[in-house]
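Below is one structure, written out as C-alpha cells; comments come after it.
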Amino acid sequence: MDKMSWKGLNVLVTGADGFIGSHIAKALIERGSNVVTIVRDIKKKSNIDVLGIKDKITIIHGDLVNYADCERAINEYDIEFVFHIAAQAIVGPANRSPLSTFESNIKGTWNILEACRLCKTVKGIIVASSDKAYGQQKKLPYTEESPLNGYYPYDASKACAELLARSYFMTYALPLAITRNANTYGPADMNMSRIVPDVITSLLKGGQPVIRSDGSPERDYMYIKDAISAYLTLAENLHRKDVLGQAFNFGTGKPVSVLSLYNAIIKAMGKDTKPKILGEAKNEIDRQYLDSSKAKRVLGWESAYSLEQGLKETIEWYKNNTQ
C-alpha cells in the first residue's frame, strides 16, 4: 500500500465505544475519515457520547464474536483500513470470567483477520496487543524480542491474538502490524477500576482513594495523546517492508510505582489525602515497562508527554466533565 491519506478513507475502529478506541475514532474523524464501528451493548452513555462523536460515526450493532457481523461491517462499508482495538481489557473481570475474555479477545481477533483476508478493499490493519502479553520477565525493560509469557487470562489472550495476527501475515501476506502499548491514561477514561480515573474522581468527590495493591507495582504510564500518535504513526508507515508484520512497543520507558503515581495525582490536584492501601491485588506483575527504541529508530516515534503534563490535562478534563 502507499503512504496513508486519512481524508475520505473508510476506517473500521473496533472498540470505538471504549477509552482508546474512541480517541482513535475521534482523531480519524478530525482527519476526514469515514469511521465505522461495531458495538455489541448499547450503553446509556459510552465514550462515543462522552467525546461527542456519535453523529459523526457509523455504528453497526453486532458482536466481534460473530463472524457474520465482522464480514458485514467490512464489506458493506468498503472498509480500507482497520484498527482492531476492541478487547475485554480489565484484569479483574478477565480473571473472574476467562472464557468471555478468550472469546472476545481471541475469537474476535480471528474473525476480524479472516474478514479482512477475504475482503478486497482492506489495505492495512493495526492489531492492538499490550505490554501485558510479555508477562513476567527477569529482564527489563521489555524489548520486542522478549518472549510472550502471558500467564493470566487477559495477558494470554493478547499473546494469542498476536500469534494469530502474525500467522495471517506470514501465510496470507495480510498487511498488518501490532502495537504493544504501555498502560494508557487520559481524559474520558470511564473505567473507574483503572487507577488514574479512580483516584482523580474520588478526590474530586472528597473521598479517600483506595489502592488495591500494596502500592509497589511499577508500570509504564503513557498519555492518551501519545497512544493516538503511536497508532497513527504505525498505520502511516505500513507501506514499508520493514514495518509489515512487525510488533512495536510504545511507552515512556519510565517505570512509575502505583504509590508514586498516586502522589503525583495528589500533588497535581493540590490535595493532601493519604490513600487506603488494601494490599490485596492478585495476579498482577510486579514490574513492567517498555523499551520503545525500535519505534523511535524505525518509525521516528517517541512519547511527547511527561507524566505531569498528561495528568494536568487529565485532571482538568475530569474537573469539567464529572461534577
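The values are calculated or read from the model by the stated rules, or taken from the named source; none is laboratory data. Worth saying up front: this structure is predicted, and the values here are computed from it rather than measured. Here the Cβ is made from the backbone with ideal geometry for all residues, glycine too, and neighbour counts use every protein chain on show.
Does any residue of the range 61-84 turn out to be crowded, with 17+ Cβ neighbours inside 10 Å, free of Cβ contacts under 8 Å to residues at least 60 places away in the same chain and farther than 23 Å from Ser104 by Cα?
Within the range 61-84, none of the residues are crowded, with 17+ Cβ neighbours inside 10 Å, free of Cβ contacts under 8 Å to residues at least 60 places away in the same chain and farther than 23 Å from Ser104 by Cα.
Taking the condition more than 21 Å from Cys116 (Cα to Cα), assigned to a helix (DSSP H, G or I), among the aliphatic types (A, V, I, L, M) and at pLDDT below 95, does Ala94 pass?
Working: more than 21 Å from Cys116 (Cα to Cα): yes; assigned to a helix (DSSP H, G or I): yes; among the aliphatic types (A, V, I, L, M): yes; at pLDDT below 95: yes.
Answer is yes for this residue.
Considering only residues that are out of contact with any helix residue (DSSP H, G or I) (no Cβ under 6 Å at 6 or more places or on another chain) and not polar (S, T, N, Q), which ones fall in the range 243-261? Walk me through it before giving the result.
Applying the first criterion (out of contact with any helix residue (DSSP H, G or I) (no Cβ under 6 Å at 6 or more places or on another chain)) to the range 243-261 yields 243-244, 246-247, 249, 251-261.
Selection gives Val243, Leu244, Ala247, Gly251, Gly253, Lys254, Pro255, Val256, Val258, Leu259, Leu261.
Table: residues versus (1) closer than 16 Å to Met190 by Cβ; (2) outside any loop (DSSP other than H, G, I, E, B); (3) at pLDDT 95 or above.
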{"site": "Lys3", "(1), (2), (3)": "no, no, no"}
{"site": "Gly8", "(1), (2), (3)": "no, no, yes"}
{"site": "Val11", "(1), (2), (3)": "no, yes, yes"}
{"site": "Ile20", "(1), (2), (3)": "yes, yes, yes"}
{"site": "Ile24", "(1), (2), (3)": "yes, yes, yes"}
{"site": "Ile29", "(1), (2), (3)": "no, yes, yes"}
{"site": "Val36", "(1), (2), (3)": "no, yes, yes"}
{"site": "Asp41", "(1), (2), (3)": "yes, no, no"}
{"site": "Lys45", "(1), (2), (3)": "yes, no, no"}
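Considering only residues of the range 132-175 that are charged (D, E, K, R) and touching a helix residue (DSSP H, G or I) at 6+ places or on another chain (Cβ under 9 Å), which is surrounded by the fewest Cβ atoms within 10 Å (Cβ to Cβ)? Even if it seems obvious, please write down each step before you answer.
Taking the range 132-175 and keeping what is charged (D, E, K, R), we get 132, 138-139, 144-145, 155, 158, 162, 166.
If we keep only those that are touching a helix residue (DSSP H, G or I) at 6+ places or on another chain (Cβ under 9 Å) too, we end up with 132, 144, 155, 158, 162.
Numbers: Lys132: 26, Glu144: 17, Asp155: 23, Lys158: 28, Glu162: 21.
Among those residues, the one meeting the criterion is Glu144.
Going by what's in this entry, would Glu313 be described as within 19 Å of Ala182 (Cα to Cα), outside any loop (DSSP other than H, G, I, E, B) and at pLDDT 95 or above? It would help to see each step written out before you state the result.
On the way: within 19 Å of Ala182 (Cα to Cα): yes; outside any loop (DSSP other than H, G, I, E, B): yes; at pLDDT 95 or above: yes.
Taking the combined requirement at face value, the residue satisfies it.
Does at least one position in the range 260-275 carry a residue that is in a loop (DSSP other than H, G, I, E, B), among the charged types (D, E, K, R), within 24 Å of Thr143 (Cα to Cα) and touching a residue at least 40 places away in the same chain (Cβ under 8 Å)? Even if it seems obvious, please write down each step before you answer.
Start the filter on the range 260-275 by keeping residues that are in a loop (DSSP other than H, G, I, E, B), which leaves 270-275.
Next, only the ones that are among the charged types (D, E, K, R) stay: 271-272, 274.
The next check asks that each one be within 24 Å of Thr143 (Cα to Cα); those that pass are none.
No, that holds for no residue.
If Ala87 meets every condition in (1) assigned to a strand (DSSP E or B); (2) modelled with pLDDT under 95 apart from one, which number is that one?
Failing condition for Ala87: (1).
From the set of residues in the range 129-156 that are at pLDDT 90 or above and small (Gly, Ala, Ser), which is nearest to Ile106 (Cα to Cα)?
By that ranking, first place goes to Ala156.
With the requirement that a residue be modelled with pLDDT under 95 and of a type in the set (Asp, Glu), what does the range 182-230 give you?
Correct list: Asp198, Asp214, Glu218.
For the range 295-307, does any single residue satisfy the condition of being surrounded by 14 or more Cβ atoms within 10 Å (Cβ to Cβ), at pLDDT below 95, within 25 Å of Gly18 (Cα to Cα) and not aromatic (Phe, Trp, Tyr)?
Taking every residue of the range 295-307 in turn, none turns out to be surrounded by 14 or more Cβ atoms within 10 Å (Cβ to Cβ), at pLDDT below 95, within 25 Å of Gly18 (Cα to Cα) and not aromatic (Phe, Trp, Tyr).
Consider Asp286 carefully, then state whether it is acidic (Asp, Glu) and modelled with pLDDT of 95 or more.
Values: acidic (Asp, Glu): yes; modelled with pLDDT of 95 or more: no.
No; evaluated as a whole, the condition is false for this residue.
Regarding the range 223-242, can at least one residue be identified that is surrounded by 15 or more Cβ atoms within 10 Å (Cβ to Cβ), among the aliphatic types (A, V, I, L, M), over 30 Å from Lys205 (Cα atoms) and in contact with a Pro (Cβ under 9 Å, 6 or more places away or on another chain)?
yes
Does the range 202-222 hold any residues that are under 24 Å from Glu316 (Cα atoms) and surrounded by fewer than 19 Cβ atoms within 10 Å (Cβ to Cβ), and which are they? Step through it out loud before you land on a result.
Step one: of the range 202-222, the residues under 24 Å from Glu316 (Cα atoms) are 202-211, 219-222.
Listed by number, the residues that qualify are Ser202, Leu204, Lys205, Gly206, Gly207, Gln208, Val210.
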